[in-house]
Structures are given as structure tokens and as C-alpha cells.
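Reviewing the structure listed below.
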Amino acid sequence: MERVPEDWEAAPEPGWVAPALAEEFSGLSIATTSLATTPGRSPEALRERLRELSDRIAGPQAIQLRQKPIPWAYRVFFRHIGLDPDTTWTPIEQLIFERIHDGRFTSRNRVDDALTIATVEVGVALRAFDADRVSGAVGLRLSEPGEKFEGRTSPLPEGTIVIADEERALGILFGSTAEGRGVRRGTRCVVLGAIGVRGVPDIALEEALWVASSALRA
Amino acid sequence: MPEELLELTQLPEVIAPEESLVPPAPPEGLDTALYEYDELASRANLRRQIAGLELQLARLFGSAFPRTGIDYGVAGMGGPRLLSVDELETIRDGLVQRVNDVRLTLNDASYVEQKNRELIESMTADPVSHKWVRVNNADIGEPGCKHWHVTPRLGPVGMLMGWWRVKVSSGCPLAEGLRPPDRYMPTKRQRRKRRRRQPAAQSRSTGAPRPAGDSLSGQAVRRQRKRSDPIALATGRGHPADRPRAPWGDFPLSEIVIFIGIVVLIVGFFIPPPQGFVMIAVGLGLGSLAGLELSIREHFAAYRSHTLLLSAAVGVPVFGGLFLGTSLSPAICVIAGLLAFGGAAWLFTSAFRRRSGGALYRLRG
């Protein structure tokens, strides 16, 4: 496996947004960074961070969450794109709900745990893809008529907002990941994507990527 | 419309209605509000309204806690996709409706809660008029399990005498159910392994409860508890909860007996002998009896040692009985009394040491 140099730092790259989307949603953006890592069992340091995070998050934070600027911005964006944030939870609310329900943030694997830490710390929605299965820059666009989506028998409904590389859709925005494009056993390099919406500053996206990357290096 | 214009079929206003459902555009130069219709701007405007309404709903959600049963949901339109003006309007209207509903619900709840707060005040001011009334924290929109309950003091006696008071509960019951696993708790396999290797040190290494002989002394436990107890620190005495309870519960039997003893004693001073002497003796006896009962209770609960008092309570009657009831010489009576005193002191000290975890005496609880 490629060894990460000691002086490595997350270098977020702005992704592209299709003009039709950019015209409608002025604040919509995506920033990505690549990182060499494997999705194995989380090391003790990462699990310790999850435990500390579990101790910091409790009921009061969950109650006040939707009034905070970044989680509120995601809720608003969910409404704008036709999702009900009380049914399809925003990423941060989903994690907080699981924390309250399970009594802690459950460790899954290195990548998922890193994304959990960054999402809870910063509030930004993050996605991870297998870098070897991504062609070119990652961006956001609307699906085309009859566009196929790996892992789905029927084509995507026209106009669905997707995260895509320069060839195909990698995943539905705030939805499922295309089959074979996500992080899986054997993944050696990961593309982390932070999705920004109106009301979420660019620095928050960079911070989320930095937190996730540093957690992956733990 | 001029006739020549009607012949130009490419103009939208002359297209037959069945061919298009789009309303005809007005002639050029005649800008009307009807046709100056920018969908992009409308959608942006609706999105701003939705954002504001969502914030209002979020604030209502936060302020409504801990009230439950309020519906905050507004159905989505299916996505993620670009929504049309109509769909955005539907969401906006749904949010307006939901915000209004939640506000009305909270207003109603606030009114009821205010009335319940006033009820608590009137209960406190006049408990007799609110017999058995009970108000919970949930009734006043507060979290927790506290409740105010008008109950009679001393049970049936209070009911008969009209001694009603407001009793405030001590809060929620302790948490129950599964707790997250202790991070330092070893697995079953590790425990078996350690038991095989170090059978003697097993309990210390696993953090399991120590055996009774290995435990901290009662005094050390009390000192530890006292250091972390604000009431104990403030008063310099033990926590009231540590004081041993009487077998008859909260009923103030000792206090009543002492009160009767004092009354009999005082009355005895004003009554000529021999009845006066008898009453004084009875009064002293009753007072001593109540004090002795409390001493026994505290001593055997290891709350406070009363070895001298209890030993004297044995030695003095022995001396008095021998001196008054027999013809033995006073010296023998004194020796017998001292022996009884010493033996009792040894027994009471042993009993206190056993119960307190090793302490010989304790002056304060």
C-alpha cells in the first residue's frame, strides 16, 4: 500500500456543478480530496475518538440541532429538493439519532468512523468513493433521460440530482451509492467528497475534509 | 386584434387553444404582469420563504421540548430533484400550515400549564382546599418526574386532624435496563484466564466488588461520602440520610414520649409529694427512655457510638438494685456496678467495632 507522507495535508479540490443546478441552487458545491487508506477495522485511537464524541453528544444537543446554522441549511436544502428531512434524515441528524438510539456511536470501519467524526464535529455531509473507480473530477449534475445507475434495474428518473464523475453517476445526492463505486474491501485509495449547500461556508467543507482525513490517518 | 394579424399563424395568440395549453403572450411592447413571469425568480423566492418557515418550525421544535405528541412533519415531494413552482408552493403552504398548527398547540398547552402553575401556588397556600390533588412536571411543561401532591401529615391522624401539606417528590426513579459495557471490563475469556493465573488477585484486577473483609472500613466509606456530600460539608455532621431510621418509620414516637416526659416533669414540680416525686421520676424515666432508645439505635447502626451511656444504663441499675434491694455492703454494690459497667462497655464497644468496620468510637455521624 502506498505510504502516506508525514507532511501530508488534506488538499480539497472544488468539484464541478452543472450549470442547470448552479443556476437554481446558488450555494450548492462539492469539494473532494483523495487519500490512500484501507477500510479495515478502526484502530484504537479512532475508536477512542468515537467514544469521546459519544460522551459529548446527548439529548440537549439533539433537540437544539436543527436550529444550528449548518444542520438547518441542510434541512432547508432537503425541502428545496423535495426530500422531507423528518423522513429522510440529513446526515448529521441521522448520526445523532443513532447516537441517542444506540447510546453511542458504533464503530463500523475506518472510513465510516472517520466520516462519522467529521460529520458530527462540523455538520457537513460527506461521501466516500473508491478512488480507483472514479474517472476524473467529481461533481453534481442532473440525471439524463434513461440514465442507468449501477445496482438499480430501472433507470434513474430524469432530473435526479446525482454525484457523478466525468463518465457516470457515482451516487444519488443524499441517497444510495452506485454499486461498486463505494468503499469496499480491497479499496486502497478513497475519494472524500463534502457537499455544500447555501448557508454552509466553504471553510466548513475544508474543515470537514481535514477532520475526516486526519481521522483516517489516526 | 387586426385581421391581418390573425392570418399569421406563427404568433402564439392565434394558435388554436387545442394545440397548446400555454396562455397566449401579449403583443410585443405591452408588458403585462401576467406574462412577465420569471419562474427562476419565483422558485428562488419560494425557497427563501421555505427557509424562513423551516427556521420557525425548528425554533418551535426546540421550545416545545419536553412536550410530546406534536406533529412537525411536512410531506416531501420525492427527490432529490428540481421542484417546480407548484411543488415548492405546496411545500411552502404545508410549512405555513404546520407552523400555525404547532403554534396553536403550544399556545393551548401554555395556557393549561399556566393554570397548573397557579394551581400549585394555591395548593401550597391552602392545602386543605386541595386534598389529594397531584400536579406533575409534565403538566407544567417541565422535564423530569417531579410532582406536587397534597397529602395528610402522619397519614390517618393527619386526615382526622386536618393536617394537610404539599409533598414534593424527590424526582425520577433511578435508570434501569442495560448499560453500555464497561470499557475496562474484561471479556469472559479474559476473566477465566486471569482466574487460572492469579486466583487471589482476581477480584482486585477486574474491579469486581471486594469481599467484605477486604472492604474499606465503614469510617473510611463515611469519610469518603462526607467529602463528596455538600450537606455533610456544610453542617460538619453526617448526611441526614445516614441517620438510622426508627422501626416505626416516620412517626415521631420518641419526640412524643420526650414531650410527655417533660410535661409530667414540669407538672410534678407543682404537685406536692409524694405524687410530685413520682411524677418527676416518671418524667425523668420517660425522657431517659426516649434518649436511650435513640442511643441504642444510633450505636447499633454504627452511626454514632454511645458506649459510655449504654454501659451506664446497665451498670447504674445493677448498682441501684443491689444497693436498694439487698443487704450487701456498698463497696460490693459499687464493685458489682463497675463490673457490670465494664462488661457492658466491652460488649458495646465490640458491637460498634463490628458494625462500623473497625472504629472504636465515633463522636459525630
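The values are calculated or read from the model by the stated rules, or taken from the named source; none is laboratory data. Treat the numbers as computed from the prediction; the structure is a model and nothing was measured. A quick note on method: Cβ atoms are made from the backbone with ideal geometry, for glycine too, and the neighbour counts reach across all protein chains shown.
Being small (Gly, Ala, Ser), out of contact with any His (no Cβ under 8 Å at 6 or more places or on another chain) and at pLDDT 85 or above: is that true of B:ALA281 here? Spelling it out, B:ALA281 is indeed small (Gly, Ala, Ser), out of contact with any His (no Cβ under 8 Å at 6 or more places or on another chain) and at pLDDT 85 or above. The set of residues in the range B:132-149 being modelled with pLDDT under 90 and basic (Lys, Arg) consists of B:LYS146 alone. Annotation note: of B:THR307, B:THR326, B:THR349, the sole residue that is of a type in the set (Val, Ile, Thr) and over 47 Å from the mean Cα position of the chain (by Cα) is B:THR326. Number of residues in the range B:306-365 that are within 17 Å of B:PRO244 (Cβ to Cβ) and among the polar types (S, T, N, Q): the value is 2.
If you go through the range B:55-84 and keep only what is more than 7 Å from chain A (Cβ to nearest Cβ) and among the β-branched types (Val, Ile, Thr), you end up with B:THR68, B:ILE70. Counting only residues that are aliphatic (A, V, I, L, M) and more than 25 Å from A:ARG51 (Cβ to Cβ), the range A:72-130 holds 4 of them. In the range B:329-342, the count of residues that are under 30 Å from B:ILE256 (Cβ atoms) and part of a helix (DSSP H, G or I) is zero. The residue that is nearest to A:GLU179 (Cα to Cα), among those in the range A:113-150 that are within 14 Å of chain B (Cβ to nearest Cβ) and without any contact (Cβ under 8 Å) to a residue 40 or more places away in the chain, is A:PHE149. Among residues of the range A:166-213 being charged (D, E, K, R) and under 25 Å from A:GLY40 (Cβ atoms), the one that is nearest to the other protein chains (Cβ to nearest Cβ) is A:ARG181.
What is the residue count in the range A:15-65 for residues that are over 30 Å from B:LEU46 (Cα atoms), facing chain B (nearest Cβ under 10 Å) and either under 17 Å from the mean Cα position of the chain (by Cα) or not in a helix (DSSP H, G or I) (or both)? Total meeting the criteria: 0.
The residues listed here are B:ILE256, B:ILE280; of these, the one that is out of contact with any Gly (no Cβ under 8 Å at 6 or more places or on another chain) and either β-branched (Val, Ile, Thr) or surrounded by 12 or more Cβ atoms within 10 Å (Cβ to Cβ) (or both) is B:ILE256.
Which of the residues that make up the range B:265-318 are outside any helix (DSSP H, G or I) and in contact with a Pro (Cβ under 6 Å, 6 or more places away or on another chain)? Result: B:ALA301, B:TYR303. Being surrounded by 19 or more Cβ atoms within 10 Å (Cβ to Cβ), more than 14 Å from the chain's Cα centre (by Cα) and modelled with pLDDT of 90 or more is the requirement here; does A:ILE161 meet it? When the stated conditions are applied, A:ILE161 passes them. If the condition is being within 21 Å of B:ILE70 (Cα to Cα), of a type outside the set (A, V, I, L, M, F, W, C) and not in a helix (DSSP H, G or I), then the range A:69-96 contributes A:ASP84, A:PRO85, A:ASP86, A:THR87, A:THR88, A:THR90. Among the criteria (1) under 27 Å from A:PRO19 (Cβ atoms); (2) away from chain B (no Cβ under 11 Å); (3) among the hydrophobic types (A, V, I, L, M, F, W, C), the one A:LEU95 does not fulfil is (1).
Results for (1) touching a strand residue (DSSP E or B) at 6+ places or on another chain (Cβ under 9 Å); (2) more than 15 Å from A:THR32 (Cα to Cα); (3) of a type in the set (Phe, Trp, Tyr), shown as yes or no for each residue.
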site	(1), (2), (3)
A:PHE129	yes, no, yes
A:ASP132	yes, no, no
A:GLY136	no, no, no
A:ARG141	yes, yes, no
A:PRO145	no, yes, no
A:GLU150	yes, yes, no
A:GLU158	yes, yes, no
A:ILE161	yes, yes, no
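Being in contact with a strand residue (DSSP E or B) (Cβ under 7 Å, 6 or more places away or on another chain) and either closer than 23 Å to A:THR90 by Cβ or touching a residue at least 24 places away in the same chain (Cβ under 8 Å) (or both) is the requirement here; does B:ARG98 meet it? For B:ARG98, the condition - in contact with a strand residue (DSSP E or B) (Cβ under 7 Å, 6 or more places away or on another chain) and either closer than 23 Å to A:THR90 by Cβ or touching a residue at least 24 places away in the same chain (Cβ under 8 Å) (or both) - is not met. Given (1) within 14 Å of chain B (Cβ to nearest Cβ); (2) within 25 Å of A:ALA18 (Cβ to Cβ), where does A:SER107 come up short, assuming only one miss? If we test A:SER107 against (1) within 14 Å of chain B (Cβ to nearest Cβ); (2) within 25 Å of A:ALA18 (Cβ to Cβ), just (2) comes out false.
For the range A:97-106, a residue qualifies if it is under 18 Å from the mean Cα position of the chain (by Cα) and not in a helix (DSSP H, G or I), and the qualifying residues are A:PHE105, A:THR106. Scanning the range B:85-104 for residues that are out of contact with any helix residue (DSSP H, G or I) (no Cβ under 8 Å at 6 or more places or on another chain) and either surrounded by 18 or more Cβ atoms within 10 Å (Cβ to Cβ) or more than 13 Å from chain A (Cβ to nearest Cβ) (or both) yields B:GLU87, B:GLY94, B:GLN97, B:ASN100, B:ASP101, B:LEU104.
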